[in-house]
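Asks: I am attaching a structure below and will ask some questions about it afterwards.
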Amino acid sequence: MEIIKIRHPYQPEQIPQADVVLVLGFFDGVHLGHQAVINEGRRLADQHQLKLALMTFNQHPSIVFQKIEAESMKYLTSSEQKERLMEDLGVDYLYEIEFTSAFASLKPQDFVDQYIVGLHAKYAVSGFDYTYGPKDIANVQHLPLYAKGRFEVVTIGKQEKDGAKVSSTRIREMLDQGDMEEVTRLLGYIYEIDGTVMHGDARGRELGFPTANIKLRSSVRLPKEGVYVCELRIGDKWYPAMGSIGHNDTFGAGRGLTVEIYILDFHQDIYGEQVSVRWNHFIRDQVAFNGADALITQLKQDELTTANYFK
């Protein structure tokens, strides 16, 4: 897969000359609804012997349109995770557009001319609710008018689970409830975050449960606070683990939020490693225990629960 990063206005030489099926969307989470759109693009590309291109943005459009602080935006997938998922789905060209004010100010016809026709699209594939400007004039219903016969418009209908739309919003709600099984069902894969192992306060080691303290980007969307069955990827290997998202209230109020991972039957030094964490199953809420002994007793039970999960 070739990744092409574009800042508006682009230079024509940045664009591969091959005709393509172009898939359009932001794709936060790359969930089952998104996958249906991309898979249809892949099918059309194979049928017509074209390359499959996908256009997404480096940040959510609401940062520009609604003037939301970029630092406050939380994503289900980072750019790097999107790239991995897109490659797995068979995308040939991944266009990552910087969503700037200049790009956002494009008129619908200019957007179509420059970012669909200009990218050599013979088919433009999107979900039913895709927009490229004001909703009343820049929706998929209007796209054939702007296409002017230069490409075919293919629209994928609403994807549902249990009678409700599969959406990034619904997945965020499930994360807030700690319902990781439902998150997995809507995504089509286990929810995953990337981070770096950093030194913590070594509290876990003192308790007999040495943990990897994970430093995350501020843009990472975490599940609700609590204790989870997890997996930790170090290099190319996944290890069974239990994870904690919380403030370590047992040891005093006002502590910062931490993400700590205890790997079962693991005794290596991994400080500084770039890792990924899968969040498989919610075990329990965070509790301020009455001292270290009570916490250790509960951690032993959590460890047993985790081990039984993987059995």
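Quick note: the coordinates plus some simple rules give every number you see, no bench work behind them. Just so you know, these numbers come straight off a predicted model, no measurement behind them. Positions of Cβ are backbone-derived with ideal geometry, glycine not excepted, and every protein chain shown enters the neighbour counts.
Asks: Output the peptides 145-158, 16-29, 43-56, 283-296 sorted from most to least packed, where packing is the average of other Cβ atoms within 10 Å over each peptide's residues.
Replies: Numbers: 145-158: 15.6, 16-29: 21.6, 43-56: 18.4, 283-296: 13.7.
Ranked by mean Cβ neighbours within 10 Å, highest first: 16-29, 43-56, 145-158, 283-296.
Asks: Quick one: which of Lys82/Lys158; Lys224/Lys300; Lys51/Lys237; Lys107/Lys148; Lys107/Lys161 span more than 25 angstrom between C-alpha atoms?
Replies: Working: Lys82/Lys158 21 Å; Lys224/Lys300 22 Å; Lys51/Lys237 32 Å; Lys107/Lys148 16 Å; Lys107/Lys161 35 Å.
Cα-Cα > 25 Å for Lys51/Lys237; Lys107/Lys161; rest within.
Asks: What size of dipole, in debye to the nearest 20, comes out for the chain about its Cα centre when the only charges are +1 on Lys and Arg C-beta atoms and -1 on Asp and Glu C-beta atoms? It would help to have the intermediate numbers written out before the result.
Replies: Details: 33 positive and 43 negative charges, 120 e Å.
Dipole about the Cα centre, nearest 20: 580 debye.
Asks: Would you grab the residues whose amide H sits under 5 Å from the one on Lys5? Only those 5+ places off in sequence or on another chain, please, with H modelled 1.01 Å from N.
Replies: Sorted by chain and number, the residues that satisfy this are Glu96.
Asks: Relative to 2.2 N^0.38 Å, what does the C-alpha radius of gyration of the chain come to as a ratio? Two decimals please. Kindly include the intermediate steps, with their values, before the conclusion.
Replies: On the way: Rg = 22.3 Å, N = 311, 2.2 N^0.38 = 19.5 Å.
Taking the Cα Rg and dividing by 2.2 N^0.38 Å, one obtains 1.14.
Asks: Here's a follow-up. On average, how much area does the Cα convex hull of the range 2-161 cover when viewed from any direction, in nm²?
Replies: Numbers: hull surface 36.9 nm².
If you wrap the Cα atoms of the range 2-161 in a convex hull and average its projections, you get 9.2 nm².
Asks: For the range 191-310, take N as its residue count and report Rg(C-alpha) divided by 2.2 N^0.38 Å.
Replies: Values: Rg = 13.2 Å, N = 120, 2.2 N^0.38 = 13.6 Å.
That ratio works out to 0.98.
Asks: What ³J(HN,Hα) values, in whole Hz, does the Karplus curve 6.51 cos²θ - 1.76 cosθ + 1.60 give for the range 163-170 when θ = phi - 60°, with x put for Gly and Pro?
Replies: x, 10, 5, 6, 8, 4, 4, 5
Asks: Dividing the Cα radius of gyration by the Kirkwood radius, what Rg/Rh value follows for the range 78-129?
Replies: Values: Rg = 12.9 Å, Rh = 13.0 Å.
Over the Cα atoms of the range 78-129, Rg/Rh equals 1.00.
Asks: I need Thr211, Thr131, Thr297 ordered by Cβ neighbour count within 10 Å, fewest first.
Replies: Working: Thr211 22, Thr131 17, Thr297 11.
So the residues, fewest neighbours to most, are Thr297, Thr131, Thr211.
Asks: From the helices alone, meaning DSSP H stretches of at least four residues, give me the mean residue ellipticity at 222 nm for the chain, per-run term -39500 (n - 2.57), in deg cm²/dmol to the nearest 500.
Replies: Rounded to the nearest 500, the figure is -8000 deg cm²/dmol.
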